[in-house]
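The values are calculated or read from the model by the stated rules, or taken from the named source; none is laboratory data. As the structure is a prediction and not an experimental result, all values here were calculated from the model. As a convention, Cβ positions derive from the backbone with ideal geometry for all residues, glycine included, and neighbour counts pool all protein chains shown.
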Amino acid sequence: MDRRIEVCVKGRSSYVKWTLYQWILGFRDILVNEYGLDIDVKMIDGFEDPPLIIVGGLFIDKYVFDEGFVLEVIKKALDKVRVEFDKNM
């Protein structure tokens, strides 16, 4: 099974969207090592304001604009995604 997952930041062009994207790129390697998943980080144009964080199809629209909080929210979503991967193996 392919263990590739996309983490996307979707929304209007803004400082918040760009910063979220940069934060996620910054801790991508930590997540790859911790979860054993190949993680692609993308930025998608949209109308969402504040931006959505999308982790493997899970939409995160409630978060605190704090790097540590965003990391923990993504880790929680990856825990759910990993459970689904393990069920399907």
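Taking residue 72 and the conditions (1) of a type outside the set (Val, Ile, Thr); (2) surrounded by fewer than 17 Cβ atoms within 10 Å (Cβ to Cβ); (3) modelled with pLDDT of 95 or more; (4) closer than 25 Å to residue 88 by Cβ, which numbered condition does it fall short on, given that it satisfies the others?
Unmet for residue 72, out of (1) of a type outside the set (Val, Ile, Thr); (2) surrounded by fewer than 17 Cβ atoms within 10 Å (Cβ to Cβ); (3) modelled with pLDDT of 95 or more; (4) closer than 25 Å to residue 88 by Cβ: (4).
Where residues in the range 35-45 are at pLDDT 95 or above and surrounded by fewer than 16 Cβ atoms within 10 Å (Cβ to Cβ), which of them is farthest from residue 17 (Cα to Cα)?
Only one residue tops the list, namely 40.
So residue 31 clears everything in (1) in a strand (DSSP E or B); (2) crowded, with 19+ Cβ neighbours inside 10 Å except one condition, right? Which one?
The failed condition is (1).
So in the range 4-17, with the set limited to residues that are in contact (Cβ under 8 Å) with a residue 12 or more places away in the chain and part of a helix (DSSP H, G or I), which one is nearest to residue 81 (Cα to Cα)? Before the answer, list the steps.
At the first step, the residues of the range 4-17 found to be in contact (Cβ under 8 Å) with a residue 12 or more places away in the chain are 4-14, 16-17.
So of that shortlist, the ones also part of a helix (DSSP H, G or I) come out as 16-17.
On the way: 16: 25, 17: 23 Å.
Per the criteria, the residue is 17.
List the number of the failed condition for residue 44; all other conditions in (1) touching a Phe, Trp or Tyr at 6+ places or on another chain (Cβ under 6 Å); (2) closer than 17 Å to residue 15 by Cα; (3) aliphatic (A, V, I, L, M) hold.
All conditions are met except number (1).
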